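The values are calculated or read from the model by the stated rules, or taken from the named source; none is laboratory data. Here the structure is a predicted model, which is why all the values come from computation and not from measurement. Neighbour counts are summed over all protein chains in view; Cβ atoms, including those assigned to glycine, are modelled from backbone coordinates with ideal geometry. All accessible areas refer to the heavy atoms of the entire protein, side chains included, with ligands and DNA or RNA removed. Shrake-Rupley method; radii C 1.70, N 1.55, O 1.52, S 1.80 Å.
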Amino acid sequence: MFKTIRDDIQSVLDRDPAARNILEVLLCYPGLHAIWGHRLTHRLWKSGLKLFARWISQITRNITGIEIHPGATIGHNLFIDHGMGVVIGETAEVGDHVTLYHGVTLGGTSLHKTKRHPTIEDHVVIGAGAKVLGAITIGANSRIGANAVVVKSAPPDSVIVGVPGQVVLRDQPSHAAEEKAD
């Protein structure tokens, strides 16, 4: 548990150049608080305490401005930057090392009690105001532009922009470029 907390704090320090120190991150990053709240509510949800989980998630939402349904599955090192208005639906799945900016919605398009929210694979960045809707998959290492509306799945290493979102494959996967820099 303490390793996860340390990793979450380090994730903020690594991805936000405005983050100056650990104390500032602990006190002033509602995205971090929302993720920690979600971890608690997700455990309650999986334990069958669904009403209690929803109630705590609503308290967290009121404090942070970020709504993460307790049923959503969140990977390691999610970073929510300027998180006001972020919504993550019940059947959403978010991979490791994902970055969400303010106003992002991972929303559903069906009223049926099935998988109705997106799956976001590892190392995806979703720009401010983007909407990713439906039971679709966004492949690893992809980038979604600000205010894009994505309703179709995208393969790994995609750049998705516009309304409706259009997929552009990158020339080179993002991690390959980072490895060359090392």
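Do we find a residue being more than 23 Å from Val25 (Cα to Cα), charged (D, E, K, R) and either in a helix (DSSP H, G or I) or touching a Phe, Trp or Tyr at 6+ places or on another chain (Cβ under 6 Å) (or both) anywhere in segment 49-63?
Scanning segment 49-63 turns up at least one residue that is more than 23 Å from Val25 (Cα to Cα), charged (D, E, K, R) and either in a helix (DSSP H, G or I) or touching a Phe, Trp or Tyr at 6+ places or on another chain (Cβ under 6 Å) (or both).
Working only within segment 14-38, note down all residues that are outside any loop (DSSP other than H, G, I, E, B), open to solvent by less than 70 Å² (accessible area, probe 1.4 Å) and not hydrophobic (A, V, I, L, M, F, W, C).
Across segment 14-38, the qualifying residues are Arg15, Glu24, Pro30, Gly31, His33, Gly37, His38.
Which residue, of Gly83, Gly71, is of a type in the set (Gly, Ala, Ser), open to solvent by less than 30 Å² (accessible area, probe 1.4 Å), assigned to a loop (DSSP other than H, G, I, E, B) and at pLDDT 95 or above?
Only one candidate qualifies: Gly71.
Quick one: in segment 89-118, of everything that is of a type in the set (Val, Ile, Thr), modelled with pLDDT of 95 or more and in contact with a strand residue (DSSP E or B) (Cβ under 8 Å, 6 or more places away or on another chain), which residue is farthest from Ser11 (Cα to Cα)?
Among residues in segment 89-118 that are of a type in the set (Val, Ile, Thr), modelled with pLDDT of 95 or more and in contact with a strand residue (DSSP E or B) (Cβ under 8 Å, 6 or more places away or on another chain), the one farthest from Ser11 (Cα to Cα) is Thr105.
Can you pull out every residue in segment 107-120 that is within 12 Å of the chain's Cα centre (by Cα), surrounded by fewer than 21 Cβ atoms within 10 Å (Cβ to Cβ) and either polar (S, T, N, Q) or within 21 Å of His97 (Cβ to Cβ) (or both)?
Thr119
For every residue, the table says whether it meets (1) small (Gly, Ala, Ser); (2) out of contact with any Pro (no Cβ under 9 Å at 6 or more places or on another chain).
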{"site": "Ala19", "(1), (2)": "yes, yes"}
{"site": "Cys28", "(1), (2)": "no, yes"}
{"site": "Lys50", "(1), (2)": "no, no"}
{"site": "Ser57", "(1), (2)": "yes, no"}
{"site": "Ile63", "(1), (2)": "no, no"}
{"site": "Ile68", "(1), (2)": "no, yes"}
{"site": "Ile80", "(1), (2)": "no, no"}
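Checking the conditions here, which among Ala140, Ala135, Ala128 is buried (at least 20 other Cβ atoms within 10 Å of the Cβ), under 21 Å from Val168 (Cα atoms) and not charged (D, E, K, R)?
Ala140
Going by what's in this entry, would Ser11 be described as assigned to a helix (DSSP H, G or I), among the polar types (S, T, N, Q) and touching a Phe, Trp or Tyr at 6+ places or on another chain (Cβ under 8 Å)?
yes
Among the residues that make up segment 50-58, is at least one of them open to solvent by 20 Å² or more (accessible area, probe 1.4 Å), within 25 Å of Asp157 (Cα to Cα) and in contact with a Leu (Cβ under 9 Å, 6 or more places away or on another chain)?
Taking every residue of segment 50-58 in turn, none turns out to be open to solvent by 20 Å² or more (accessible area, probe 1.4 Å), within 25 Å of Asp157 (Cα to Cα) and in contact with a Leu (Cβ under 9 Å, 6 or more places away or on another chain).
Residue by residue through segment 14-67, note down the ones that are touching a strand residue (DSSP E or B) at 6+ places or on another chain (Cβ under 8 Å) and acidic (Asp, Glu).
Asp16, Glu67
In segment 88-102, what count of residues is obtained for those that are in a strand (DSSP E or B) and either buried (at least 19 other Cβ atoms within 10 Å of the Cβ) or over 9 Å from the mean Cα position of the chain (by Cα) (or both)?
4
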